[in-house]
Amino acid sequence: MVRKGVSIGLLLVLCLGLWACQRSGDDRQVKNELVRINDVSITLDEFRQMSEDQSLEKKMRLISEKGLRDFLDNYVITREVLYQEAKKKGFDQRKEILAKVEEIKRMMAIDALLEEALKGKSEVSDAEVQQYYKENQQQFTEPREVRIRHLFVNSEPVLQEVRGKLAKGESFEKLASQYNIDLTREDGGDLGFVKRGQLSPAFAQFEEVAFSLRNPGDISDVVKTPLGYHILKLEDKKGTVLRPFDQVKENIRLFLQAKKRQDAYLEYIKEAKVRAKITVNEKLWAEEEKKENVPREEKK
């Protein structure tokens, strides 16, 4: 929908741009030129690419003809005018700017190299996912039920106040009795035992965090739900159960994909270093290392 809307808007700009070119009779006009700023020509294709490079949120603003014209006037033209002014003053030749350009070029070239070198190296088959599940079932074994306390507030300032007191060692139960905005304040935040799937889908993250706590006394990071902010504490757990394969297979796949890509990356780096001739000035390095190990007082 966004792409279709942008395309229609671009066609309107194309018509206006070509009409202006035909009317001008300027010999300097290049094919498909949309706008000229002094001696710099920007073609419609270049304009299209600039609009495509924008974030989705910004592309939404380009759907209308007005939004597209604003983009042309206030981004494309303005940026080129300012760049030309910067060049006149020699900013484009400053040493620190050229160094940044070189660093950006290096990183883009490295990214392109790795994208090509690692292409297809992170593919994971269904059989590999199932094998990992069978061989690592302890990772997917969890309590059948968990007894949870929570600190429950609905404003960030109060949340930060509670977290600060918790970090200083104040009692979780005491803070829950003081701050909780639900009825659990009467029981120090005690929610009782919770089973997998017992909570509504809106509390899926709350459930994941509750069952990820391993030992009684463990306290979670902040969990945000539609009702507010929660900090969970594991009180007790009952029994054990192996999570079904269908519930965890996509998480396994993502983990294996990341692992395969990382392994392929490390192997590629190892091979590249073998092909390269690398010489470290160990004497100079030893001197630098000594400087780093000098106590701060001595450096002064």
Query raised in the report: If you plug each phi of the stretch 154-159 into the Karplus form 6.51 cos²θ - 1.76 cosθ + 1.60 with θ = phi - 60°, what whole-Hz ³J(HN,Hα) values come out, in order, with x for Gly and Pro?
Result: 10, 9, 5, x, 5, 4
Query raised in the report: Can you count the Lys pairs in the stretch 60-192 whose Cα atoms are under 26 Å apart, with each pair 8 or more apart or on different chains?
Result: 12
Query raised in the report: If the chain between residue 269 and residue 135 were fully stretched, how many nm would it gain, using 0.36 nm times the residue separation less the Cα-Cα distance?
Result: 45.3 nm
Report summary line: The alpha-carbon center of the stretch 135-205 and that of the stretch 52-81 are separated, in whole Å, by 46
**Report entry** FRET E, pair residue 102, residue 69, Förster distance 30 Å, beta-carbon r, rounded to 0.05
**Finding:** 0.25
**Report entry** Förster radius 25 Å - calculated FRET efficiency between residue 118 and residue 38, Cβ distance, rounded to 0.05
**Finding:** 0.05
Query raised in the report: Once fully extended, how much extra length lies between residue 111 and residue 88, figured as 0.36 nm per residue of separation less the alpha-carbon to alpha-carbon distance?
Result: 5.0 nm
Report task. Enumerate the amide H contacts of residue 188 below 5 Å, restricted to partners 5 or more residues apart or on another chain; note that Pro and chain-start residues carry no placed amide H. Result -> 177
Query raised in the report: How large is the charge dipole for the stretch 130-243, taken about the Cα centre, if only the Cβ atoms of Lys, Arg (+1) and Asp, Glu (-1) carry charge, to the nearest 20 debye?
Result: 260
Requested in this report: For the stretch 155-275, calculate the relative contact order in percent as a whole number, restricting contacts to Cα pairs under 8 Å that are 6 or more residues apart.
Outcome: 13
Report summary line: Full extension between residue 126 and residue 177 adds, at 0.36 nm per residue less the Cα distance, a length in nm of 13.5 nm
Report summary line: Taking Cα atoms only, helix 282-293 is inclined relative to the longest principal axis of the chain by an angle, in degrees rounded to 10, of 60
Query raised in the report: Where the only charges are on Cβ atoms (+1 Lys, Arg; -1 Asp, Glu), what is the dipole of the stretch 170-300 about its Cα centre, to the nearest 20 debye?
Result: 820
Query raised in the report: What is the spread of the Cα atoms of the chain along each of their three principal axes, largest first, in whole Å?
Result: 83, 62, 55
Query raised in the report: Under the rule of -39500 (n - 2.57) per DSSP H run of 4 or more residues, summed and divided by the residues of the chain, what mean residue ellipticity at 222 nm is obtained, to the nearest 500 deg cm²/dmol?
Result: -17500 deg cm²/dmol
Report summary line: The long-range amide H neighbours of residue 237, using H built 1.01 Å from N in the peptide plane and a cut-off of under 5 Å, are 147
Requested in this report: Give the relative contact order (percent, whole number) for the chain; include only Cα pairs under 8 Å separated by 6+ residues.
Outcome: 17
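Rule-based calculations on the coordinates, nothing more; no lab input. Remember, predicted model here, so these are calculated numbers, not experimental data. Cβ: placed from backbone, ideal geometry, glycine included. Neighbour counts: every protein chain shown.
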